[in-house]
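Peer 1: Before I ask anything, here is the structure I am working with.
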Amino acid sequence: AQQERNDPQQPGVMAKLPIVRSAWSRLSHVYTDTKSSHPNFKVICDALEDRAVIWRTMASNTVSPVMMKLEPQISIANYIACKSLDWLESTFSLHLMQSHWCYENIELH
């Protein structure tokens, strides 16, 4: 896993963490259930999802030239972020935990 993270071309490092996957799964489940049980909400969400696809395409077309120019700086920032993530994983065990465990066992002060 560490070698994958040190590769600046490796996308979605954070998305592969169990706690992130677990939280995303729960959120996705709630969203899908809410859409299926509330017809009015479904219509609004479907329209927003369609708009999001259009906005993402427009943003991608606009930002691509800038991203190409900034690629060396982005690679350096990604390398540093991956090293920091490696440190967090070795220091804390939260990356191994599912989100429901964190919610149940971490007290808010």
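No lab work stands behind these numbers, since they all come straight from the coordinates. Everything numeric here is computed off the predicted structure, so don't read it as measured data. As a convention, Cβ positions derive from the backbone with ideal geometry for all residues, glycine included, and neighbour counts pool all protein chains shown.
Peer 1: Report ³J(HN,Hα) in whole Hz for each residue of segment 25-37, in order, from the Karplus equation J = 6.51 cos²θ - 1.76 cosθ + 1.60 where θ = phi - 60°; Gly and Pro get x.
Peer 2: 4, 5, 5, 4, 4, 4, 4, 5, 4, 5, 4, 6, 9
Peer 1: How about Lys35: which lysines have a C-alpha closer than 29 Å to its C-alpha, ignoring those fewer than 8 places off in the same chain?
Peer 2: Lys16
Peer 1: For Thr34, what is the net charge nearby, where nearby means another residue's Cβ is under 14 Å from its Cβ and Lys, Arg count +1, Asp, Glu -1? Please list the in-between numbers first.
Peer 2: Numbers: positive: Arg26, Lys35, Lys42; negative: Asp33, Asp46, Glu49.
Result for the local shell: 0.
Peer 1: What does the net charge come to around Ser64 if you take all other residues with beta carbon closer than 14 Å to its beta carbon, with K and R at +1 and D and E at -1?
Peer 2: Working: positive: Arg56, Lys69; negative: Glu71.
With Lys, Arg at +1 and Asp, Glu at -1, the net is +1.
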